[in-house]
1. Scanning for something farther than 22 Å from B:ILE433 by Cα and among the small types (Gly, Ala, Ser), does region B:537-559 turn up at least one residue?
2. Please tell me if A:SER190 is among the hydroxyl-bearing types (Ser, Thr, Tyr), crowded, with 18+ Cβ neighbours inside 10 Å and within 16 Å of ligand 2 (Cβ to nearest atom).
3. Considering A:GLY138, A:GLY164, A:GLY184, which residue is within 16 Å of ligand 1 (Cβ to nearest atom) and farther than 22 Å from B:SER317 by Cβ?
4. From the list A:GLN154, A:GLN105, which residue is within 24 Å of B:PHE324 (Cα to Cα) and at pLDDT 90 or above?
5. Could you say which residue among B:GLU553, B:GLU560 is within 14 Å of chain A (Cβ to nearest Cβ), surrounded by 13 or more Cβ atoms within 10 Å (Cβ to Cβ) and within 16 Å of ligand 2 (Cβ to nearest atom)?
6. Taking into account only those residues within region A:68-81 that are in contact with a Ser or Thr (Cβ under 7 Å, 6 or more places away or on another chain) and within 30 Å of B:TYR337 (Cβ to Cβ), which is surrounded by the fewest Cβ atoms within 10 Å (Cβ to Cβ)?
7. Within region A:17-44, which residues are within 8 Å of ligand 1 (Cβ to nearest atom) and either within 18 Å of A:VAL193 (Cβ to Cβ) or more than 14 Å from chain B (Cβ to nearest Cβ) (or both)?
8. Mind listing whichever residues of region A:82-116 are within 16 Å of ligand 1 (Cβ to nearest atom) and either facing another protein chain (nearest Cβ under 7 Å) or surrounded by fewer than 21 Cβ atoms within 10 Å (Cβ to Cβ) (or both)?
Amino acid sequence: MLILEHISKTYGNKNEKAVDDISFEVYPGEIFGFVGPNGAGKTTTIKMIVSLLAPNSGKITINGIDNQADILGAKKQFSYVPDNPELFEKIKGIEYLKFMADVYQVPAAERQERIERYLDIFEIKNAVNDPIGSFSHGMKQKLALVGALIHDPQLFILDEPMVGLDPKASFELKKIMREHCDRGRSVFFSTHVLDVAEKICDRIAIIKKGKLIEVGTMAEIREKAGSQESLENIFLELTE
Amino acid sequence: MKEIITLTKLFINESLGVSLFFYNQKYNKKEFYKQLFTLIIVPVALIPAFFMYVSLMSATYFGLTLINQTSVFLSIGYILATVLIIVFGVMYILSEFYFSDNIEELIPLPISQRKLIISKFLSILVFEYIFAAFIFIPILIIYGIGQGMGLLYGLLSFLVFLTIPVLPLSLMTAVIMLIMQSASLKGRKDMLQIVFVFIGIAVIFTVQFWFTSQLGSGDEADFQLLMNTILTNNEGLLNSIGYLMPTSFLMAWTLNKITLISLGWVASLLGITLLSCVLMVAIGNRVYLKSIVSGKIIKKGKQLSGAQRSKVLGKKSHGAMAIFTMDLRLLLRTPVYFFNNVSVVIIAPLCILLSVSFIEIPPEDLQGMQEFFRAMPILMNFLLIAFFIFFGGTSATTASTFSREGKASWLTRMIPVTARDQIVGRTGVAMFIQSLGIVFTIIAVQFIFPLPLSTLVITSILGILGSLPILLFGLFLDMNRPLLNWDNPQKAVKNNLNVVITLFVGMAYTGLLIGVSGLLGYFVNPILGYVIFVLISAIFCVVFYQLINRRLEAEFLNFES
Ligand SMILES: Nc1ncnc2c1ncn2[C@@H]1O[C@H](COP(=O)(O)OP(=O)(O)OP(=O)(O)O)[C@@H](O)[C@H]1O
Ligand SMILES: [Mg+2]
């Protein structure tokens with residue numbers, strides 16, 4: 001579903017790689033967790049996947065489409081919710097949702113059905129006619145989630161989705177992620193909440209200072225670390 | 001005083017991005033050279049425009065000497081400068097006083113409201129002095145040389161010049177503060193505030209035009225007569241507006257003939273100016289911060305029923321249409337954007353309309369003018385086309401289209417919209433606004449003399465076509481160097497050099513295009529003129545369209561680095 005091959009990225013300072021030769025694959029039907037300390041390069045990696053940044057080297061393939069050769073084709077395969085979704089403050093929630101449905105060319109019946117369902121789940125139905133500027137942080141995040149789910153993407157990419165969501169919403173989001181994968185699609189998300197990663201992810205990648213230090217299922221990671229401890233303890237040891 | 005100077009410097013720094021410039025010099029060389037380049041290229045681009053203005057004014061002066069009316073020359077310049085300062089000043093006042101985020105940071109600090117107002121006003125004034133210098137100093141010099149004036153004229157005209165931007169700006173600031181006060185206290189939405197401000201401006205313009213229309217040749221006897229008529233006709237009106245705009249007479253009396261009394265006139269001009277500043281600060285001290293604090297509430301919409309939601313969502317629109325709608329909504333709903341990009345299409349036709357209704361042209365003159373233009377339709381057509389291109393080009397709407405999205409631009413770059421749809425949607429918004437300007441202008445012009453339908457069709461089509469290359473050029477610039485990292489929407493348009501470059505390149509291009517095709521049309525064959533016009537426009541359109549279409553998706557990847 002998603003293949004990264006030898007991806008590297010440097011920002012201004014040429015000697016310091018934000019992402020350093022990363023390769024991994026996300027299979028269809030799996031939830032893939034991406035964990036690592038602050039500044040490890042998670043957001044940078046995600047931005048390269050969603051075509052907000054160009055990698056210095058390497059290749060990214062999304063659902064069989066090279067995202068540098070066919071940018072537009074690749075964009076149609078995923079949807080993305082950033083860690084801090086900045087949305088147009090002057091636009092109303094419902095106008096934003098219509099915009100998203102239009103740009104992904106979602107048929108009328110499907111868009112209505114999906115939007116109604118997700119608005120109910122995230123409990124923002126009553127706010128949907130207000131300008132986004134009047135939304136709280138969590139409400140903005142929920143709206144961005146609804147907008148991202150409108151076109152039922154093959155690959156659902158989220159950066160720190162649990163931060164700022166209330167317990168009910170983050171429970172519902174986990175359920176949605178699971179259902180999404182049960183239909184053969186994939187979810188790729190970064191997180192600092194290691195319990196969540198441990199519980200819901202089929203596979204996990206750990207990144208540190210731009211380098212991938214571990215990829216695999218929870219069992220594989222435990223085996224390599226030679227301990228039966230929680231992901232939290234392994235993470236703390238590995239990222240020492 | 002020290003505090004005021006510090007604050008003023010801070011505001012100027014903020015609106016020019018001086019600190020960022022020096023930060024870039026140290027840490028971001030590429031960005032620094034870009035800025036340095038524009039810093040050099042903009043003044044260079046200005047030179048021909050300025051030269052054209054000076055020669056136009058010299059010609060006007062020469063024309064006036066022929067009919068022995070040089071005494072109105074200074075008045076014309078004064079009014080021109082005042083009107084321009086008001087038109088551009090409104091934007092500056094609103095964004096500096098009301099739509100800039102620094103207020104929220106400054107309110108908690110122990111700075112008195114008065115100092116805040118004065119320093120904000122001064123920071124605007126600095127720019128307006130530069131602006132006024134370009135407009136008014138050539139006029140003063142032309143007149144001075146033409147009349148063989150001496151040293152005293154130089155001194156007096158310098159004093160007059162000092163008052164030029166201060167008076168209209170302080171009065172505008174006071175008016176805007178009062179309007180915003182009444183608008184914000186009732187929890188109005190942004191758009192309504194704008195409407196209020198426009199009404200206020202319309203009143204000012206009415207007053208201005210009314211006075212200048214009564215001015216006649218501008219000499220003393222007429223003014224006495226005028227005062228008498230006003231006094232006998234409408235006392236209330238005199239009280240409210242009589243003291244508002246007589247300054248153009250004061251200016252004329254000071255400078256037209258240099259006598260000892262001139263000193264008295266200039267002293268009263270300075271006095272009035274000072275008074276209006278005091279008035280502005282006094283008003284501001286009562287209302288300014290109060291309305292800022294109460295104006296921060298965002299009005300919520302009505303709750304929608306399921307049927308209403310599905311009505312909104314049910315219609316499927318094309319990608320280009322979605323981009324168009326989003327861009328237009330942002331433009332109309334963000335006050336600063338509205339003022340920068342939309343207001344001119346309302347104000348300019350309004351000026352035409354007001355000048356027509358207040359300057360009474362004798363019927364036989366009007367008929368003469370109509371016959372003149374009817375005899376040479378090509379002249380009239382190219383004049384109108386130039387005016388229409390002005391709406392499309394000068395607002396430079398496309399030159400900030402990505403910049404205006406700021407930190408939310410990730411959305412634009414993440415969604416799968418083709419470059420073609422982006423171009424069509426975004427250029428479409430600019431063309432839509434331009435079309436409004438064209439329609440308003442046509443309506444206003446109909447009052448002076450009705451134009452045949454064929455003229456209207458030709459000029460509208462060519463006006464839009466002619467500005468399309470400028471719009472695409474602006475889009476091309478903004479694609480290459482968007483200004484996204486702002487915390488205050490005014491920076492996206494005010495500090496955006498893309499806008500400035502598009503403006504000057506657009507003006508120079510329009511001048512050349514109209515010049516070449518107009519001359520060919522006039523001297524060779526009208527059809528040839530139009531054909532050349534269409535040809536040049538079409539070529540530039542295709543070139544820029546292709547450039548953007550090929551590069552846009554790839555450039556989106558560079559927005560953040
Ligand atoms: N725009 C930028 N310009 C320069 N350096 C950047 C930029 N964005 C990120 N970096 C650097 O790249 C590195 C990786 O940052 P990134 O945002 O990818 O980390 P992260 O893993 O998402 O961290 P967090 O958990 O805090 O979100 C950091 O060293 C950061 O300083
Ligand atoms: Mg991050």
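The values are calculated or read from the model by the stated rules, or taken from the named source; none is laboratory data. Note that the structure is predicted; figures quoted are calculated from it, not measured. Note that we place each Cβ from the backbone using ideal geometry, even for glycine, and neighbour counts take in every protein chain shown.
1. Yes: region B:537-559 contains one or more residues that are farther than 22 Å from B:ILE433 by Cα and among the small types (Gly, Ala, Ser).
2. It is true that A:SER190 is among the hydroxyl-bearing types (Ser, Thr, Tyr), crowded, with 18+ Cβ neighbours inside 10 Å and within 16 Å of ligand 2 (Cβ to nearest atom).
3. A:GLY164
4. Only one candidate passes the filter, namely A:GLN105.
5. B:GLU560
6. Per the stated criteria, the residue is A:LEU72.
7. A:GLY36, A:PRO37, A:ASN38, A:GLY39, A:ALA40, A:GLY41, A:LYS42, A:THR43
8. Correct list: A:PRO82, A:ASP83, A:ASN84, A:GLU86.
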